[in-house]
2 protein chains.
Amino acid sequence: MSNKPSILIVGAGAIGSFYGAILKKAGCSVSTVVRSEYDAVKANGITISSPLGDLSYRPDHLYRGGDTPVAEPDYLILCVKVLPGVDRAALVKPWMGSTTRLVLIENGLDIERELAEAYPDNPLISCLAFIAASRTEPGVVEHKAYGKLVMGRYPKGIDDNCRELSQLFMDGGIRIDLTEQVEGERWRKCLWNTPFNPLSVIANGADTRTILDTEGGEDLIRAMIREVMDVAAAEGYPMDDKVIEQNITGTRKMPPYKNSMAVDYLNGRPIEREAVLGNVVTIAQRHGIPVPHLNTVLVTLKMRAALEGRD
Amino acid sequence: MSNKPSILIVGAGAIGSFYGAILKKAGCSVSTVVRSEYDAVKANGITISSPLGDLSYRPDHLYRGGDTPVAEPDYLILCVKVLPGVDRAALVKPWMGSTTRLVLIENGLDIERELAEAYPDNPLISCLAFIAASRTEPGVVEHKAYGKLVMGRYPKGIDDNCRELSQLFMDGGIRIDLTEQVEGERWRKCLWNTPFNPLSVIANGADTRTILDTEGGEDLIRAMIREVMDVAAAEGYPMDDKVIEQNITGTRKMPPYKNSMAVDYLNGRPIEREAVLGNVVTIAQRHGIPVPHLNTVLVTLKMRAALEGRD
């Protein structure tokens, strides 16, 4: 038996499956809680193709929601989408021991608070994934590129838990940036995600090139980034104006890219509208900061959701 | 032979067919220029069901683009959609005599100028239709309700041509409001159309109820109306603040309504994006008036069009 920490992954989409594989490779016991994928993973384990090699593995324990845990994990890594209808605090409850460190690898802004409030005595580690990976069928993941995590204690700082966990990830072969200000890093990532992801949904799956090349598109992106920056500054994370052009130029250097929110939307899956956009608008309103461009996109997405019965 | 003025209708959609029928009823000779509907109208004339009775008629002459006119009409009534790809000045050219009065029954803002410049010596009459009618198949129109025209000389005033034509329409059974400021009336109509029509397209056909009942929807509509009002005021047509709530309240009193722009969009037909929205943003930019909500909707519509190869 390994004397490495035990890991439980909750949510075995592309993200959860991939980072579970990395920790498995680092020598940890890795168990998984899945929902619809149970039968496939039970039969075949988790299959992952990757530039890092074949990362396929069988979880040490495979759970469904409602199962009785064999043991409380040292690290519970939550990788489900952040959706209004998903009570994440309730989802992890059966597996949260008194010393379990709760780790989020999830997108969006202000997504930690409800978990911090539900588990005030458990260390909460917040991570941002920079990765291109997709789940191609139940239990099968294609890792295409990247994989870096930005990691810090929530709401701020770096502690021994972060250091231990980041070492394990690095042992497994990926890069980790530890940060004292993980919330600031979330704002920084949202400079891109908050404009590009919802715009792509509104435009029925337009890729980055289409968004930027449309007449007025670059300026709309600039205006939206500026609004996110204004809110970030009010939250204590001011950024230099030059990041606007950096985001535009960086995006132009990438191959045309259809982001995962648009792919999810086009496939009828729920999108992280509130985590990526709605929370930014809510925080802006709290500060009295006008965000007309962001708000227009948010409300039109809500109209669509209402029409389609998605909300 | 009638000594009433001769009429040529260019564009035999719901609007052109209906107002042609009214003038036919008033005793005018009414000819029609059609495109794709030629065979159907040649065979069966124009069929119109209406609360006013059966308005079906056969055009006195039926033309296709490129045909040689039998005679230049006294009034040429242009009822085609205002689309960037449609050169309306060229479209009417074969039928424009030296004394032909050119009449527009079309939606949108700043849509007269290119025709006024092309035919500076012909009187130009600009009309707004308040009507619920739809073309159900080639040559067949269902008139559901209303029918009033607001009419004036472009750019302003009321002349004898307006008076003659309005009397003919009234003889045919519909209501006419003559206005000294038809541009102002266009701004007034756009207070509604410019927010509601494009939002419904963005929301994939959301009706008025869905738009207003979505969280943040009413306030978004208010913000967009406010922006249109700001531009209208800069153009010399200030309006009282109370029109904002009048538009909201009036819309709430109507049955839920899916506007024609959304219907066109969902059926793959081109939409009058520039006439209804783009021109407002262009005029705003000329005045240096910020219209972030309108611009966000405009640019996202352009992104969609680019993606769908519609532009």
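Whether any residue in region B:126-148 is within 19 Å of the chain's Cα centre (by Cα), over 23 Å from B:Lys24 (Cβ atoms) and modelled with pLDDT of 95 or more is what I want to check. Checked against the condition, which is being within 19 Å of the chain's Cα centre (by Cα), over 23 Å from B:Lys24 (Cβ atoms) and modelled with pLDDT of 95 or more, region B:126-148 yields no hits at all.
When A:Ala206, A:Ala232, A:Ala223 are checked against the criterion of being surrounded by 15 or more Cβ atoms within 10 Å (Cβ to Cβ), among the small types (Gly, Ala, Ser) and under 30 Å from A:Arg163 (Cβ atoms), a single residue qualifies: A:Ala232. Of the residues in region A:137-149, how many are exposed (fewer than 13 other Cβ atoms within 10 Å of the Cβ) and over 12 Å from A:Glu37 (Cα atoms)? Residues in region A:137-149 being exposed (fewer than 13 other Cβ atoms within 10 Å of the Cβ) and over 12 Å from A:Glu37 (Cα atoms): 1 in total. Might you check whether a residue that is open to solvent by less than 10 Å² (accessible area, probe 1.4 Å), within 14 Å of another protein chain (Cβ to nearest Cβ) and modelled with pLDDT of 95 or more occurs anywhere in region B:177-186? No: zero hits.
Only residues that are touching an Asp or Glu at 6+ places or on another chain (Cβ under 8 Å) and not hydrophobic (A, V, I, L, M, F, W, C) were counted across region B:198-234, and they come to 2. Take B:Ile158 and decide whether it is open to solvent by less than 40 Å² (accessible area, probe 1.4 Å) and touching a strand residue (DSSP E or B) at 6+ places or on another chain (Cβ under 8 Å). Spelling it out, it is not the case that B:Ile158 is open to solvent by less than 40 Å² (accessible area, probe 1.4 Å) and touching a strand residue (DSSP E or B) at 6+ places or on another chain (Cβ under 8 Å).
Within region A:207-219, residues that are hydroxyl-bearing (Ser, Thr, Tyr) sit with their Cβ atoms under 6 Å from residues that are surrounded by fewer than 17 Cβ atoms within 10 Å (Cβ to Cβ) and at pLDDT below 95, at 6+ positions apart or across chains, in these pairs: A:Thr208/A:Pro256; A:Thr208/A:Tyr257. Just one residue in the set B:Gly205, B:Gly173 is away from chain A (no Cβ under 14 Å) and on the phi > 0 side of the Ramachandran plot; that residue is B:Gly173.
Among the residues of region A:1-32, the one identified as open to solvent by less than 20 Å² (accessible area, probe 1.4 Å), of a type in the set (Gly, Ala, Ser) and either without any contact (Cβ under 8 Å) to a residue 12 or more places away in the chain or over 19 Å from A:Asp54 (Cα atoms) (or both) is A:Gly11. The condition of being away from chain A (no Cβ under 14 Å), more than 21 Å from B:Lys81 (Cβ to Cβ) and surrounded by fewer than 21 Cβ atoms within 10 Å (Cβ to Cβ) holds for only one of B:Ile289, B:Ile244, that being B:Ile244. Being in contact (Cβ under 8 Å) with a residue 24 or more places away in the chain, within 14 Å of chain A (Cβ to nearest Cβ) and open to solvent by less than 30 Å² (accessible area, probe 1.4 Å) is the filter here; which residues of region B:247-286 pass it? Within region B:247-286, B:Asn259, B:Ala262, B:Tyr265, B:Arg273, B:Leu277, B:Val280, B:Ala284 meet the criteria.
Checked against (1) away from every other protein chain (no Cβ under 13 Å); (2) touching a Leu at 6+ places or on another chain (Cβ under 7 Å), A:Met224 passes all but a single condition, namely (1).
The values are calculated or read from the model by the stated rules, or taken from the named source; none is laboratory data. For clarity, every value in this text was computed on a predicted model and none was experimentally measured. Glycine also receives a Cβ, built like all others from the backbone with ideal geometry; neighbour counts cover every protein chain displayed. Heads up: the accessible areas ignore ligands, DNA and RNA and are worked out on the full protein's heavy atoms, side chains in. Shrake-Rupley method; radii C 1.70, N 1.55, O 1.52, S 1.80 Å.
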